[in-house]
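First the structure, in the form of structure tokens, and then the observations on it.
Nothing in this text is a laboratory measurement; each read-out follows from the coordinates by a stated rule. Computed from a prediction, not measured in an experiment: that's the story for all the values here. As a convention, Cβ positions derive from the backbone with ideal geometry for all residues, glycine included, and neighbour counts pool all protein chains shown.
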Amino acid sequence: MLKLLKRAGGVLIITALTATAAYAEAVVQVTLIDKAGMAGLSKSMKLGMGMKGDMKNAKMAVNANPKVVTRGTVKFNVTNLASELVHEVILAEVNDENQTLTYDETRDVVDEETIQTLGQVAEIAPSRTASFTLDLKPGKYILYCNYGGHFMAGMWTVVEVE
Ligand SMILES: [Cu+2]
């Protein structure tokens with residue numbers, strides 16, 4: 001009888017540890033890159049999410065590592081690797097990479113009224129790092145910079161929470 005209780009206890013402990021491990025805080029390293037500063041931008045690039053542009057032509061980029069994380073607490077460490085431009089990072093939920101976002105052509109930015117911002121780092125200077133932490137449920141999330149023209153220059157990526 002005692003043996004049985006011990007065994008049952010052991011199983012319980014193992015289960016508890018597994019559950020804790022599955023929901024440990026995830027950390028995503030995010031880097032912001034631009035190749036040519038403002039000189040490389042033109043309104044015709046059309047490299048925004050869901051536009052099926054050739055991302056090899058992107059002048060700006062958001063890179064995330066890893067791109068798939070476990071649900072729960074997720075910390076985004078954002079580093080601006082650009083030489084001179086200030087950038088930002090906005091996180092919002094999306095369906096997938098084929099979804100297009102509502103775009104304000106006049107201001108050359110994503111219409112932020114149409115997509116809910118869940119977290120962000122506003123104004124990050126070159127060589128600086130900043131972070132934000134969110135509790136995320138499974139789904140897909142875009143990380144993008146919405147300074148004029150930057151999204152269309154390729155400055156976005158999608159991470160998956162599973
Ligand atoms: Cu930017």
Once you list every other residue whose beta carbon is under 15 Å from the beta carbon of E93, what net charge do they have if Lys and Arg are +1 and Asp and Glu are -1?
-> -3
Take each of the peptides 28-35, 131-138, average the number of other beta-carbon atoms within 10 Å over its residues, and list them starting from the highest.
-> 28-35, 131-138
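How big is the dipole moment of the range 24-161 about its Cα centre under a simple scheme where the beta carbon of each Lys and Arg is +1, that of each Asp and Glu is -1, and everything else is neutral? Debye, nearest 20, please.
Details: 13 positive and 17 negative charges, 92 e Å.
Computed about the Cα centre, the dipole is about 440 debye.
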Would you tally the net charge around S83, using a Cβ to Cβ cut-off of less than 11 Å, leaving S83 out, and scoring K and R as +1, D and E as -1?
-> -1
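Ordered by packing density, taken as the mean number of other Cβ atoms within 10 Å over each peptide's residues, highest first, how do 100-106, 142-148 rank? Present the calculation step by step, with values, prior to reporting the outcome.
On the way: 100-106: 12.7, 142-148: 22.4.
Result, highest mean first: 142-148, 100-106.
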Give me the distance in nm between label points sitting 7 Å out from Cα along the Cα-to-Cβ direction at E160 and E113, one decimal.
-> 3.4 nm
Note: the range 24-161, point scatterers on Cα, Debye, no solvent; log10 I/I(0) at q = 0.10, 0.14, 0.19 Å⁻¹ equals -0.29, -0.57, -1.09
Simple spin-label estimate for D96/S127, 7 Å along Cα→Cβ, in nm, reads 4.3 nm
Quick one: dipole size for the range 109-158, taken about the Cα centre, charges +1 on Lys/Arg Cβ and -1 on Asp/Glu Cβ, in debye to the nearest 20.
-> 240 debye
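All other residues with a Cβ under 9 Å from the Cβ of G148 taken together, and with Lys, Arg as +1 and Asp, Glu as -1, what is their net charge?
Local charge sum for G148: 0.
Between K35 and N65, what's the calculated FRET efficiency when r is the beta-carbon distance and R0 is 25 Å? Round to 0.05.
Values: r = 19 Å, r/R0 = 0.77.
Here the calculated transfer efficiency is 0.85.
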